[in-house]
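The values are calculated or read from the model by the stated rules, or taken from the named source; none is laboratory data. Just so we're clear, the structure is a prediction, and the values are computed from it rather than from any experiment. Heads up, the Cβs are rebuilt from the backbone with ideal geometry, glycines too, and the neighbour counts pull from every protein chain shown. Surface accessibility is based on the protein's heavy atoms, side chains included, excluding ligands, DNA and RNA. Shrake-Rupley method; radii C 1.70, N 1.55, O 1.52, S 1.80 Å.
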Amino acid sequence: RRDQPYITLADIQESVIKVIAGPEKRSRVKLEEDKRITAYHEAGHAVVSHALSTQDPVQQITIIPRGDAAGMTINRPQEDRDHVSSQKLRETLCTLLGGRCAEETALGFVCTGAVSDLERATQIARNMVTKYGMSEKLGHATFNSGHDEVFIGRSMAQAKSYSEETANLIDQEVKDLIDSAYADCERILTQRRHELEVVARYLLDHETMEAETFAKVFDNPEAEELAPYRDVQP
């Protein structure tokens with residue numbers, strides 16, 4: 001398709017991303033304002049992820065739509081893990097909320113595009129509280145919803161095995177985890193505001209930022225390809 005004499009590493013990487021997220025939708029007409037929102041959103045995910053020690057390195061950031069996603073930040077795992085620490089889960093919450101926080105920090109408003117991030121973050125936080133025993137207030141107990149009665153239907157038969165008081169405490173613990181993670185995002189993006197701007201504006205010009213270029217934003221800001229964005233102001 002590309003009229004190349006051989007397959008390159010870039011082709012392999014593209015094929016992996018295509019399997020994960022679907023083909024690029026370059027034919028999709030995208031408004032400039034939507035591109036701007038997506039650029040800051042994805043830059044927020046990447047910058048927050050880079051600042052957290054437990055998160056996998058950023059492999060690619062793109063604002064080219066794939067599947068239902070307006071853009072993507074792809075992190076590359078360095079190793080297989082059988083166990084996940086509470087610190088990693090908390091920092092994963094931060095990474096998921098980084099896009100929404102970047103919108104609010106850089107643009108002054110938030111959008112509907114963060115809905116899947118918010119859903120994933122909420123589910124992780126709820127699992128930490130009810131499934132993994134990672135709540136100081138609730139201790140090491142688990143709080144499942146009970147057994148599903150299939151003949152009635154899942155939505156009607158999830159009887160709680162705990163009191164309303166415990167349910168309220170669970171809800172508050174989940175909210176506290178989300179709020180704490182969001183506060184950490186705000187701190188990181190305030191400290192890294194310049195890097196957020198560089199990444200977002202690079203994406204607006206090039207649509208995709210690879211791992212090597214992203215690393216230079218932090219490790220080698222004098223790199224030639226970053227020259228047009230070096231003196232950007234928020």
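Remarks
- Amide H contacts under 5 Å for Asn75, placed H, 5+ residues apart: Gln59
- Our analysis of the stretch 73-143 gives Rg over Rh at 1.05, with the two radii drawn from alpha carbon positions and Rh computed by the Kirkwood formula.
- Our summary of shape: the Cα atoms of the chain have principal axis extents of 60, 41, 36 Å, ordered from largest down, in whole angstrom.
- In this structure the chain gives 60 Å² per residue of accessible area when probed at 1.4 Å with all protein chains present.
- Rounded to the nearest 20 debye, the dipole size of the stretch 1-118 about its Cα centre is 260 debye, using +1 on the Cβ of Lys and Arg and -1 on the Cβ of Asp and Glu.
- Cα centroid separation - the stretch 90-118 against the stretch 59-89, whole Å: 15 Å
- Comparing Ile124, Gln55, Ala102 along the charge dipole axis of the chain, the residue lying farthest to the positive side is Ile124, per the Cβ-charge model.
- Carbon and sulfur %, accessible surface of the chain computed with the full protein complex present, 1.4 Å: 49 percent
- Only Lys, Arg (+1) and Asp, Glu (-1) charged, at Cβ; the chain dipole about Cα centre in debye: 440 debye
- Taking GluC sites (Glu not before Pro) as exposed when their DSSP state is a loop state and no more than 10 other Cβ atoms lie within 10 Å, the longest site-free interval of the chain runs over 137-221.
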